[in-house]
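A short reminder: the numbers here are calculations on the coordinates, not readings from a lab. Being a predicted model, the structure only gives us computed values, none of them experimental. A quick note on method: Cβ atoms are made from the backbone with ideal geometry, for glycine too, and the neighbour counts reach across all protein chains shown.
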């Protein structure tokens, strides 16, 4: 595969580059500040202080009321496991979980595992634009519901759920239900506050490497008084709520990344306009394309396209050759044979579900990079459609009769 | 998942999408043989055509001179299609000889394929066989006389085992034997069966049963883990005069219909009851009421008061704005 030094990186929902300021903040803790923060000699106190400073920065970014409500984890996957299991262990008399069909596997797979452990799980459906219906959520609540886990922003489509409002409704039905949100894709991208819009959320999980910190570090907010028990045990760290020697450098970097994100929220307007320019241009220059989640409230950095009659992996491969790195929900890219569970839940037509392309930007994405994508993409799609048996290049439309053929055979 | 393609796969894919001279996508207008395999729903599909050169009167002496494909699929599906056409044009063999081209030959030509992509090469081999059967029919060649059972090559009608990819038991059996598929993973890699919902893996008559039947392996006895049923939450005993939740909901709906809705409609608004939980009524204001700055007041003064006066003084009205 070509290693392109100047590649245009448009896969920021997968991971982001570490900000130079973050790396600078981390380096001393790999060098002379290597001490274990739990050690008693004075040399270790610097690491302890640095962790607390980072905790303060995370708390400020998410609008937590108190620093002590922030725990550091190894990432959002750990956080999501801890949120679900921890809430259930703290509410042993309750055996029901509500989540959605479009969660990240770090919630979805845990929910399926809970089913194997005898818990009842309700998976809320979404509509064609990827939206939840509040009535479905309210109807799903039962007297033994322990936790409601609803992601804040979808990693594939960027569709956002009104988690704050949904959480408020859940609490009105039953204040004992723990409300969790996986905010991996929203923290640092849009302003949010656990004291205001998300005031009814009990647990929020997030990851460092989605906001220009390093991989292997994350954080979770657990509201004071929330019914939750520690998941990782075996040490006194994090006030006994998350055992394990702290990833000091990672945590310090995460703190710095949160400070930078707080200072960069103005960037979201630029990303929003890039998103809109990209989507308008793609729809104008390429026939038979859907913007998945169009019509729903979405993250400013994510565009998910579905191109009919071509396959996503081929699109990615051709883009790589043009120096663009992105991702796809197609079956072939995932190693499974099934296209993305998110697009399936949204009932994206199968003529298009295999041809999905996710473009996700960051504050490091330049306008020129999006211009370049706008230039390349029609050429790539056309070259693949020329090979496709379902496409007629002379009319630049689906081959005549193909709809009928497909419908007769598969509908 | 990282790609693990050979240079050959990448080269053939790149040549094809760049439309380089010597690539083979396209369609022969009046083909001597035509075959299809796969479907869009499955994520890959191939349409394959070839042209033969006739020598004398014996159709069995026809030689495949030109081969073309149209393929919907990933990098390796396109590369496999291109490989198949190149192999045929390089070898200039008869259609009868072409039947012996197996997916493994395509894999060799591609200098290897990742295991989960083997089905792309199988698609090529299947489309080729279907095209040869088509050629035989058009040219009046009785494949059966040559010891080839054409129904074995393409038809495989029968009970559907893998419902996601619409693959039948005869097909799965034939491919398992031909390609020496010994496990469910082998089957999924080669022909995709069982690769989506996975429910056909261990159901009666499913993939494992077919494998056991072919290879004579007995499955280890596994007792299904018993999943305890969720405990029933006892409902609180109702007093003689208390309403059941159903009666309460009915009365709330009645008051909304008779009293609340007409009042809101007078002003161009409306209301939708989203859910009723005990004495909590979740509702959405519609029309002008939704945009009204006094929506909260409307809810408490009009909706909540009416329900409290007419149904139960403890009723709470909760606005839903999503």
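GNM on chain B, alpha-carbon springs under 10 angstrom: the most fluctuating residue among B:11, B:208, B:247 is B:247. Viscosity 0.692 mPa s, temperature 37 °C: Stokes-Einstein D of chain A from its Kirkwood Cα radius, in µm² per second? Stokes-Einstein gives a translational diffusion coefficient of 146 µm²/s. Normalised by 2.2 N^0.38 Å, where N is the number of residues, the C-alpha radius of gyration of chain B stands at 1.66.
Here region A:167-272 carries DSSP beta bridges of which approximately 55% are antiparallel, counting only pairs with both residues inside. Principal axis extents of the C-alpha atoms in region B:7-147 (largest first, rounded to whole Å): 42, 30, 26.
The alpha carbons of region A:266-410 give a radius of gyration and a Dmax of 15.2, 51 Å, in that order. Each Cα pair under 8 Å and six or more residues apart adds its sequence gap; the mean of these over the residue count of chain A is a relative contact order of 21 percent. Computed from the Cβ-Cβ distance with R0 of 56 Å, the FRET efficiency linking residue B:290 to residue A:325 stands at 0.80.
Residues A:122, A:73 in ascending order of nearby Cβ atoms (within 10 Å, fewest first): A:122, A:73. Calculate, for residue B:197 and residue A:262, the FRET efficiency according to 1/(1 + (r/R0)^6) with r their C-beta to C-beta distance and R0 30 Å; round to the nearest 0.05. Calculated transfer efficiency: 0.10.
Here residue A:14 and residue A:34 are evaluated by their C-beta separation; at R0 = 35 Å the FRET efficiency comes out at 0.70. A simple spin-label model places pseudo-atoms 7 Å from Cα toward Cβ; at residue B:278 and residue B:6 they are separated by 6.8 nm. Among B:215, A:391, B:3, a tally of other beta-carbon atoms within 10 Å of each Cβ gives an order, fewest to most, of B:215, B:3, A:391. Over all Cα atoms in region A:218-258, the spread is summed up by Rg and Dmax: 11.5, 30 Å. Here the label points at residue A:6 and residue A:280, each 7 Å from Cα along the C-beta direction, are separated by 2.8 nm in the simple model. Averaging over all projection directions, the Cα-based convex hull of region A:20-262 occupies 12.6 nm² in the image plane. Computed log10 I(q)/I(0) for region A:209-283 at 0.16, 0.20, 0.23, 0.26 Å⁻¹: -0.77, -0.95, -1.08, -1.17, from the Debye equation with unit scatterers placed on every C-alpha and solvent omitted. For chain B, modelled as a GNM whose springs connect Cα atoms under 10 angstrom apart, the maximal fluctuation among B:279, B:177, B:138 occurs at B:279. Dividing the mean sequence gap of close Cα pairs (under 8 Å, 6+ apart) by how many residues chain B holds gives a relative contact order of 11 percent. For region A:1-145, the percent of C-alpha pairs falling in each 10 Å distance bin, counted from 0 to the bin holding the largest distance, reads 9, 23, 28, 23, 15, 2.
Springs between alpha-carbon atoms under 10 Å, Gaussian network over chain A: tell me which of A:93, A:259, A:382 tops the mean-square fluctuations. For chain A, modelled as a Gaussian network with Cα springs under 10 Å, the answer is A:93.
With bins 5 Å wide beginning at 0, the percent of Cα pairs of region B:154-215 falling in each bin runs 4, 23, 36, 28, 9, 0. Computed as a quarter of the hull surface, the mean projected area of the alpha carbon convex hull for region B:239-319 stands at 4.8 nm².
By the Stokes-Einstein formula, at 0.692 mPa s and 37 °C, region B:1-67 with its Kirkwood radius over alpha-carbon pairs has D equal to 225 µm²/s.
Among B:273, A:387, a tally of other beta-carbon atoms within 10 Å of each Cβ gives an order, fewest to most, of B:273, A:387.
For region A:198-244, the convex hull drawn through the C-alpha positions has a volume of 87 cubic angstrom per residue.
Label-to-label distance for residue A:113 and residue B:160 is 3.4 nm, based on points extended 7 Å past Cα in the beta-carbon direction. Computing Rg and the Kirkwood Rh from the Cα coordinates of region A:99-187 gives a ratio, Rg/Rh, of 0.93. The alpha carbon centroids of region B:110-150 and region B:11-68 are separated by 12 Å. Counted over all Cα-Cα pairs of the protein assembly as shown, pairs farther apart than 52 Å make up 23 percent.
Of all DSSP beta bridges confined to region B:239-319, the antiparallel ones make up roughly 65%.
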